[in-house]
Amino acid sequence: MSYIGILEYVIGVIHDKDIWYYVGETDSEGKKLKPKDQYSSFLVDAKRYDDEDILREELESLPKTLTYKILEIQRCPKCKKEFTEHPALSREDNETEICPECGVREAMEAYCNYTNAK
Ligand SMILES: [Zn+2]
């Protein structure tokens, strides 16, 4: 099965106003991580799931004291960066979904072109 635009899933943990990512219980060598090391603010550290059912199963086993969110990793067709935030719509064709950073950049460029043309 292939997902268009969606590559994989990660577990997000709501931490104050930020989102942290669930790294997993063990590191790459299989050593058990301390609870505070099981979460990271960087998406690159996040444990990835290509099956949402497996993710949900693992989610069930996590401490209920935290608030979790299932995040979809998407790849921006413009800058090729991975992101989990809500995508922005490209101004170029009004249908391509791009990352929020590129969305802001396109809006800035559109504004600059508009003011330069005056
Ligand atoms: Zn982008």
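At a glance:
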quantity	calculated
Subset tally (residues that are in contact with a Cys (Cβ under 7 Å, 6 or more places away or on another chain) and among the aliphatic types (A, V, I, L, M)) for the stretch 89-118	1
Any hit, the stretch 39-62, residues being in contact (Cβ under 8 Å) with a residue 60 or more places away in the chain and open to solvent by 70 Å² or more (accessible area, probe 1.4 Å)	no
D27 being modelled with pLDDT under 90, in contact with a Leu (Cβ under 8 Å, 6 or more places away or on another chain) and of a type outside the set (S, T, Y)	yes
Number of positions in the stretch 79-100 that are surrounded by 13 or more Cβ atoms within 10 Å (Cβ to Cβ) and within 13 Å of the chain's Cα centre (by Cα)	8
Where L71 falls short, out of the listed (1) touching a Gly at 6+ places or on another chain (Cβ under 9 Å); (2) within 16 Å of the ligand (Cβ to nearest atom); (3) closer than 27 Å to Y22 by Cα; (4) open to solvent by less than 50 Å² (accessible area, probe 1.4 Å)	(2)
The stretch 77-90 residues that are near the ligand (Cβ under 7 Å from one of its atoms), paired with ones that are of a type in the set (S, T, Y) and open to solvent by less than 30 Å² (accessible area, probe 1.4 Å) (beta carbon under 9 Å, 6 or more apart)	K78/S90
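The values are calculated or read from the model by the stated rules, or taken from the named source; none is laboratory data. Only a predicted model underlies this, so the values are computations on that prediction, with no experimental measurement involved. Note: ideal-geometry Cβ built from the backbone for every residue, glycine included; neighbour counts use all protein chains shown. For the accessible areas, the whole protein counts, side chains as well, though only heavy atoms, and no ligand, DNA or RNA atoms are used. Shrake-Rupley method; radii C 1.70, N 1.55, O 1.52, S 1.80 Å.
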